[in-house]
Amino acid sequence: MSFARYRYLIFVLLGTAYLLVFFHRLAPAVVAVDMMADLQTGGALMGLLASAYFYPYALMQIPAGLLSDTWGPRRSVVAFFSVAAAGSILLGFTQNVTMAITARVLVGLGVAMVFIPTLKILTRWFEAHEFSRMTSLLMSLGGVGAFTASTPLAFLSDAITWRGSMIVIGVATLAISALIWRLVRDTPEQSGYRPLTNCAIDNTCDGVKYGLLGGIFLVLKNKIFWPMALCNFFGALVTLSFNGLWGGPFLMHAYGLSRTQAGGVLSMMAVGLIFGAPFWNWLSHQVLYSRKKVLLISQFSGLCLFAPLAFFTAGFSVLQLYLWCFFFNFSMCSMVVVGYSAIKESFPLQISGTATGVLNIFPFAGAALGQPLIGWYLDSAGAIGGRYPVEAYSGAFKMCLISLVVAFFCSTLVRETLPPKTPGPKTVL
């Protein structure tokens, strides 16, 4: 097989794994109401159950980077993705909340070792100038995974129950893990191809060998890191809390939508991600020649879009809900396209896994805080007939709006990393 075909085969397999990561992450939003009834739990405990995915996910990001840089990204993906498969299958057979939380912890632990190792592999199989484009395509595949966790999951859950759905996706996760072990390799050299020249192109191979803690400290003490990290934390607190759990119950309780209808509305957030990731990459590299400008525009757009939901919570038509979900996630997905490329460019290539791993802690730490916090607030407002009132959701969304204001402020402090476009030669007529 030619080098070009083989590296795209590797991308497709790893991209499919990342698709499943998004499915596991966002599935509770569609089946949350059924799970709450089945397991007889309230909003706060349901928030803890859903966020049980994010705690190990966030905690594993530094180990993910370290293991990618030392043990190898392929081994890391396969070993841990198999754990995620076991967790998903266990969730399908769970009989109580404790067992369900344990299963979600296993899922979060397992899928935590996909994104960072995938980025590490892409740095070896694609040139530096191709990396941002491949990252945006990876995010688009994540959007496909988010879409499958909306309307398709709702139909699947109607057909075989939410438990059967978790078992099926667990088996699919195990199958992809086996294919990655069989076909993916960490570097071109391992498959008999010549290595790429990333180091020469982006000037990030400094020849220094970093220890495990040395790489982490190098990242944490860099001033460029913290504004991007905090922007990701406060932005993802909102996006992953809404898209990953409370969006579904909100649409069912405030608008009286069925599970399938709510899944259809939430699917537009996935579509927004599918189109948004390549759009922001194009705008950054082909139009504005800037990462910071793109981040500012997108964060401000997301903030402006969320404000009406906080103050006119029940004032949308169904069509407007579809459009809102699309454009909100379209705006907010720029954090990954811009953020991870910028952080990768700021550190030596040999610790790129560690750098992106440390950054990747923050969005999932935000989700781990946001999901149970919103659940606690909804419980404190009180449910009426098993449904939270519109006023409770409005109050929760106002808290989310404050978080988005902080995220936008942090984006103003981000430093530009994309060099200005070099003018081409003039054409002489």
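The values are calculated or read from the model by the stated rules, or taken from the named source; none is laboratory data. Owing to the predicted nature of the structure, the values given are computational and were not obtained by experimental measurement. With ideal geometry, Cβ positions are generated from the backbone for all residues, glycine too; neighbour counts draw on all protein chains shown.
Below is a table of values for the structure above.
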item	result
Any hit, region 136-144, residues being among the hydroxyl-bearing types (Ser, Thr, Tyr) and more than 25 Å from Leu49 (Cα to Cα)	yes
Given (1) surrounded by fewer than 20 Cβ atoms within 10 Å (Cβ to Cβ); (2) under 21 Å from Cys410 (Cα atoms); (3) touching a residue at least 60 places away in the same chain (Cβ under 8 Å); (4) not charged (D, E, K, R), index of the condition Gln299 fails	(1)
Enumerated helices (runs of 4 or more DSSP H) restricted to region 254-337, each holding at least 3 residues that are of a type in the set (S, T, N, Q) and closer than 20 Å to Ala229 by Cα	291-311
Of residues in region 384-419 being among the aromatic types (Phe, Trp, Tyr) and closer than 21 Å to Gly366 by Cβ, the one farthest from the chain's Cα centre (by Cα)	Tyr393
Members of region 109-143 that are in contact with a His (Cβ under 8 Å, 6 or more places away or on another chain) and modelled with pLDDT of 85 or more	Val111
Residue that is surrounded by 24 or more Cβ atoms within 10 Å (Cβ to Cβ), among the small types (Gly, Ala, Ser), at pLDDT 80 or above and closer than 30 Å to Gly192 by Cα, where the choices are Ala4, Ala17	Ala17
Contacts under 9 angstrom Cβ, first residue in region 30-50 being under 11 Å from Ser157 (Cβ atoms), partner part of a helix (DSSP H, G or I) and among the basic types (Lys, Arg), 6 or more apart	Val30/Arg259; Val31/Arg259; Val33/Arg259; Asp34/Arg259
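Residue-wise test of (1) of a type in the set (A, V, I, L, M, F, W, C); (2) farther than 27 Å from Arg133 by Cβ.
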residue: Phe217; (1), (2): yes, yes
residue: Lys221; (1), (2): no, yes
residue: Leu230; (1), (2): yes, no
residue: Tyr255; (1), (2): no, yes
residue: Gly263; (1), (2): no, yes
residue: Ser267; (1), (2): no, no
residue: Val271; (1), (2): yes, no
residue: Lys292; (1), (2): no, no
residue: Leu305; (1), (2): yes, no
